[in-house]
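Asks: Next up is a structure, given as structure tokens.
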Amino acid sequence: MPAKADLIAVFPGKQERIEAGVKLAAAGHGLHLAVASHVPTEKIIEPYLKKYPIPGNTIKTLTAGLSRDTFEDALVTLQLVKKHNFKSIILVTSDYHMTRAFTLLRLMLWNSKVQITRWAVTGNSEARYLEVLSEMVKFWGSLCELILFKVSGRLPLDFVK
């Protein structure tokens, strides 16, 4: 199990990721929990709290803010880190998705000393090969999103509107 962190940041997409984040919080591995989404974290984790209750409200849930993709998951996590001056994060996402999620978050936190611990969720998907292949393609697309954001200051999906 990971050491305790200031923030457990869940990059969702699959329900197993959210469940793993709540389990870590219930086990006392973080001070704050955020699920990157446009929905408040409390609403997203509500079904899991019945199964994995957090004892004595020992963890604070934070809404990460609008997030439509992995790039924005990393961006809203960066905003939480800056707002709350967090020094450590447990990043929760699927194992096949971890390289892209971690790389984007690490690049967002480039000049910081924030420690990121990876917590990879292993699914039992039968489409494993396709998930890994898809991630390889999306990895390069996410790096392009980051460059576009750094150059323009606009979210890449906003160019589509």
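The values are calculated or read from the model by the stated rules, or taken from the named source; none is laboratory data. Keep in mind the model is a prediction, meaning the values are calculated, not measured. FYI the Cβ positions are ideal-geometry reconstructions off the backbone, even for glycines, and counts take in every protein chain you see.
Asks: Hey, can you tell me all the residues within region 1-60 that are in contact with a His (Cβ under 6 Å, 6 or more places away or on another chain) and charged (D, E, K, R)?
Replies: Passing the criteria: Lys4, Lys60.
Asks: To continue, here is another question. If we keep just the residues of region 111-131 that are loosely packed, with under 14 Cβ neighbours inside 10 Å and aliphatic (A, V, I, L, M), which is modelled with the lowest pLDDT?
Replies: The residue in question is Ala127.
Residue by residue, here is whether (1) in contact with a Lys or Arg (Cβ under 9 Å, 6 or more places away or on another chain); (2) assigned to a strand (DSSP E or B); (3) without any contact (Cβ under 8 Å) to a residue 12 or more places away in the chain; (4) not acidic (Asp, Glu) holds:
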site: Leu24; (1), (2), (3), (4): no, no, no, yes
site: Ala34; (1), (2), (3), (4): no, yes, no, yes
site: Glu46; (1), (2), (3), (4): no, no, yes, no
site: Arg68; (1), (2), (3), (4): no, no, no, yes
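Asks: Looking at region 61-80 only, could you name the residues that are buried (at least 23 other Cβ atoms within 10 Å of the Cβ), over 15 Å from Asp158 (Cβ atoms) and not small (Gly, Ala, Ser)?
Replies: Across region 61-80, the qualifying residues are Thr70, Asp73, Thr77.
Asks: Could you check region 70-109 and list, in sequence order, the residues that are out of contact with any Asp or Glu (no Cβ under 8 Å at 6 or more places or on another chain), touching a residue at least 24 places away in the same chain (Cβ under 8 Å) and assigned to a loop (DSSP other than H, G, I, E, B)?
Replies: Leu109
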